[in-house]
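Here the structure is laid out as structure tokens; the discussion comes afterwards.
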Amino acid sequence: MHIGIDVGGTNTDAALMEGARTLVGIKHSTTEDVTSGIVQAISGLRAEHHFEGAEITAVMIGTTHFINALVQAKRLAPTAALRLGLPATKALPPLVDWPEELKGAIQARSYLAHGGYEFDGRPISPIDPEELRAHAEDMRANGIRSVAISSVFSPVNHDLEVEAARIIGEVLGDDVAISLSHEVGRIGLLERENATVINAALRELAAEIVDGLTAAVRAEGIDAPIFLSQNDGTLMDESFVRRYPVATFASGPTNSMRGAALTSGLSTCAVIDVGGTTADVGLLINGFPRETANEVKVAGVRTNFRMPDVLSLGIGGGSIVNEATAEVGPESVGYRITTDALVFGGDTLTATDIAVAAGRANIGDVSKVAHLDPAFVQRVLDRIAERISDAVDRMRTSPDPIQVVAVGGGSVLLPDTLPLFGTVLKPENYAVANAIGASIAQVGGEIDKVYSIDPGQREQTIIDVRAEAVEKAVAAGAKPSTVSIIDFDEVPIPYLPGNATRIRVKAVGDLDMEG
Amino acid sequence: MSWTIKLEDIDDLARGSALLGTGGGGDPYIGGLLAKEALRRHGDVTVVSLDEVPDDAVIACISMLGAPTVMVEKLPSLDEIMSPVQELSEHYGRPITHLMCIEVGGVNSTIPIAAAAAMNLPLLDADGMGRAFPELQMVLPTLYGVSASPLAYADEKGNIGVLRTINNAWGERIIRVAAVEMGCSIMLSAFQMNGVMARKALVPDSLTLCAALGRSIVEARVAKTDPVDGLVETLGGRSLFGGKVVDVERATTAGFARGRATIIEGDSTFTLSFQNEHLMAELNGVVLTTTPDLIMVLDFESGEPITTEGLRYGQRVRVISAPADERWHSPAAIEMVGPRYFGYDTEPTRFDGSVRAGVPIADSDGIA
């Protein structure tokens, strides 16, 4: 058996799993200190389905902790951003477009040094160890405790990032954490560097949180390894989280989507997760969320790390309904739903009231919505269905038919069939889909590089790149026999002769729970 | 009238130039940041209209040449932007007095702003195209016999070259090879001319237009009015189509990204053909507009311009066309940038769907 836990801003959901089967799922309020919520969630599971600590083989946790810490600019380490690329890139130094407040919160220092590569892997300039040591001395003098190192075209060749880390590490010692950009993001220097700096700023907190999570699980008598889920739906072990907390940032929607896939039995489908304030629409392809191709702003900073492509609509259970236009949201009563909605004796017409009036949900006092005109109620529901249907249509990548799965507490707002898409599946355990999603143990490896492909060499290049991604997944802990390529993308680069092509490959396999 | 580019104008300018880039021109974000950094460090830039520029001015362009995809990784430095201009000055033995944009499109509208700020030089409110095209020789000055060479080019490492070619098409061939060797993103200063020639050969008021277009997109969004209507009116163009992208095919041939996008609405099928820039628009197989007139693709709701690289399935888009500078329709220009040059076997079709031959440049001189 294993346990999946999703620690959200409002609820901590947990699921006890036997393989892909959900034995029991529970919802619990998230506690201020998080760990006691986890302890309570685990004992809640145990109360419904008894297990011994030794029977649990793994605990998978999805958490919004790190992104919340960043957004609130709390408990961030004094951080340095070091970029290798001189004489290139000088006009736009690290942190160039950051909000001042966040720069202040991480007591940011920015450094430029020689190094970096061209698109085809030739060096721009060699690194200068003396220059790096001088920067490191300055970091020490300024109380820097975490360093983000980026290098031009490090997705093509990351040797210099590794070498610079060694030199900086020699000066600053083991107490200073170092994050490398090629481990974090993709091509697009500023965005990759930004994500790396964010990661660096969270490293001290990561150690604390991982210690806390581990203690909470161990307190329940469970000795099994603990994993955290990443933005792309794969897992990382504790030591990886300590080094790359940024990879947990968008695990919330990812976990919901993955859970929806498992409980519905579909690996390629559109998922609608309806909560209190928003409906998030995403696309699962071969069991994994499609990732966004665009830059994503996090706490006002442009980044390009791996995030699920999610379209959020302001439609949820708490959305306020306009009585004149029959339009829903984006304003929501949020957590005040239990006092403000009509069915709870309040005076705000919410989407939940509409669901109750239509007989789709049985919450609160039905008589409080008896006065609503059935034609109006239908108009509101039709409008919701239309907007959701339109959002799903925007998300899909081809006109081929696609199944739609709905999860989350607010999914009662959705009809049983949607225009364009037909039946909407509402699987069992839909309310804890995110915890179930967190529990699905898979690990992955990704390659994203620019290749200059010689005539006739395309096939061989692709075979080599795919093999490299598989190796990376195995190195991350995947059982070799289960690894497969789940994503392949080849984009020719304009204005470059010699068929320069950017290739992205992702391999994923089951977590080797023995290892 | 001269005016000043300030920090807060850059976003509008970058957005407007992304629009006039007709799908090409690279990442407006990086170009915008670069201009902002330069203005922050060196102060505002004075923009001078063509009728104010002195007859004996020494004008040259500064632009980026290479792969935008490389530029988002190997960001430029201001030294790299200044050095080819300085090199050209040395070559002439006299200082460059004014900078200009070779095209209004993507990064090549914002890089000259950065250079003008860093070098404290005035920038012309004009450019060599009134839009964006992919090759060096594809500028109106070529039609007036202005030589691109001597042209100076530089990389960020400090390598600099000065090149003399027998014509501008040769300039393109040679510089493209050099650009790859130098890391695929280089800076170029060329097309030196005086004020008299600039008045003849350039497209006037293009930066003013860029800023106005960018501003109108934002203003429409704030006022919740249709951003496209305002653009069509400002550009004197027409709205071609609105619908959903259902297919995008791409292939790289000879270093250029060619492709076709299919957009549908109801029973109508609209096809966009592009090669870095959008070059031909067809509705149900009938050609609506081709290069050299402008074809622009915008996000259906926000009105944000969409680059050819950014086109993907499922997007709701609007497509509009607008007239290019009339001189682009002269026979010599059509030979250089018309649909047949890019491999589309069709008549050059104007923004309004008509097929009208233009007059030769020598005769059209007066309209400049």
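The values are calculated or read from the model by the stated rules, or taken from the named source; none is laboratory data. Source: prediction; values computed, not measured. Here Cβ is always computed from backbone atoms with ideal geometry, including for glycine, and neighbour counts include all displayed protein chains. Heavy atoms of the whole protein, side chains included, go into the accessibility calculation; ligands, DNA and RNA do not. Shrake-Rupley method; radii C 1.70, N 1.55, O 1.52, S 1.80 Å.
When the trypsin sites (Lys or Arg not before Pro) in region B:160-245 are filtered for DSSP coil states and for at most 14 other beta-carbon atoms within 10 Å of their beta-carbon, the remaining sites are B:R164, B:K224.
Centroid-to-centroid, using Cα positions, region A:1-68 and region A:233-307 are 19 Å apart. The mean number of partner chain beta-carbon atoms within 10 angstrom of a residue's beta-carbon across peptide B:311-317 is 3. With the convex hull drawn over the C-alpha atoms of chain A, the volume per residue is 161 Å³. Counting only other chain Cβ atoms within 10 Å of each residue's Cβ, the peptide A:123-132 averages 1. For B:K6 and B:D51, the FRET efficiency from 1/(1 + (r/R0)^6), where r spans their Cβ atoms and R0 equals 25 Å, is about 0.65.
Taking the helices alone, the protein assembly as shown has a mean residue ellipticity at 222 nm of -9500 deg cm²/dmol, built from -39,500 (n - 2.57) per DSSP H run of at least 4 residues and averaged over all its residues. Couplings 3J(HN,Hα) for region B:246-251, derived from phi with the Karplus relation 6.51 cos²θ - 1.76 cosθ + 1.60 (θ = phi - 60°), are 10, 7, 9, 10, 9, 7 Hz, where x marks Gly and Pro.
Placing unit charges on each Cβ (+1 for Lys and Arg, -1 for Asp and Glu) gives region A:71-201 a dipole about its Cα centre, and among A:S125, A:A141, A:A77 the Cα reaching farthest toward its positive end belongs to A:A77. Quick one: if the Förster radius is 22 Å, what FRET efficiency do A:D454 and B:I174 give, using the C-beta to C-beta distance and rounding to 0.05? According to the calculation, E is roughly 0.40. In a reduced charge model with +1 at each Lys and Arg Cβ and -1 at each Asp and Glu Cβ, chain B shows a dipole moment near 440 debye about its Cα centre.
Largest first, the residues A:H49, B:H42, B:H98 sort by 1.4 Å accessible area into B:H42, A:H49, B:H98. Taking only alpha carbon atoms, region A:71-201 gives an Rg to Rh ratio of 0.94, where Rh is the Kirkwood radius. Across all Cα atoms of region B:311-354, the radius of gyration (one decimal) and Dmax (whole number) stand at 13.2, 39 Å.
Sites listed here are GluC sites (Glu not before Pro) in region A:375-452 whose DSSP assignment is loop and whose Cβ has at most 16 other Cβ atoms within 10 Å: A:E428. The label-point distance for A:R379 and A:T338, in a model that sets each label 7 Å from Cα toward Cβ, rounds to 3.3 nm.
Rolling a 1.4 Å probe across all protein chains gives A:D390 an accessible area of roughly 60 Å². Of the trypsin sites (Lys or Arg not before Pro) in region A:58-91, which ones lie in a loop per DSSP and count no more than 16 other C-beta atoms within 10 Å? Counting only loop positions with at most 16 other Cβ atoms within 10 Å, the trypsin sites (Lys or Arg not before Pro) in region A:58-91 are A:K74, A:R75. Normalised by 2.2 N^0.38 Å, where N is the number of residues, the C-alpha radius of gyration of the protein assembly as shown stands at 1.00.
Note on region B:226-342: with charges restricted to the Cβ of Lys and Arg (+1) and Asp and Glu (-1), its dipole about the Cα centre is near 380 debye. With a ≥ b ≥ c taken as the square roots of the eigenvalues of the C-alpha gyration tensor of region B:251-354, please select rounded if a/c is under 1.5 and otherwise prolate if a/b is larger than b/c or oblate if it is not? In terms of gyration-tensor shape, prolate. The ellipsoid equivalent to the alpha-carbon distribution of region A:442-509 has semi-axes of 26, 11, 8 angstrom, derived from the gyration tensor eigenvalues as √(5λ) and listed largest first. Plainly put, region A:225-338 has a radius of gyration that is 1.04 times its Kirkwood radius, both from alpha-carbon atoms, as the Rg/Rh ratio. Between B:R221 and A:R21, the C-beta separation translates, for a Förster distance of 56 Å, into a calculated FRET efficiency of about 0.70. Radius of gyration over Kirkwood radius for region A:82-158, both on Cα atoms: the Rg/Rh ratio is 0.99.
Largest first, the three principal axis extents of the alpha carbons in region B:108-226 are 51, 34, 28 Å in whole numbers.
Taken residue by residue and averaged, Cβ atoms of other chains lying within 10 Å of the Cβ of B:74-81 number 6. The convex hull around the C-alpha trace of chain B, projected and averaged over every direction, spans 16.9 square nanometres.
Of all DSSP-defined beta bridges confined to the protein assembly as shown, some 75% are antiparallel rather than parallel. Starting at 0 and stepping by 10 Å, how many percent of the alpha carbon pairs of region A:266-429 end up in each bin? Taking all Cα pairs of region A:266-429, the binned fractions are 11, 38, 31, 17, 4, 0 percent. Label point of A:E52 set 7 angstrom out along Cα-Cβ; within region A:214-230, amide nitrogens under 15 Å from it belong to A:221-224.
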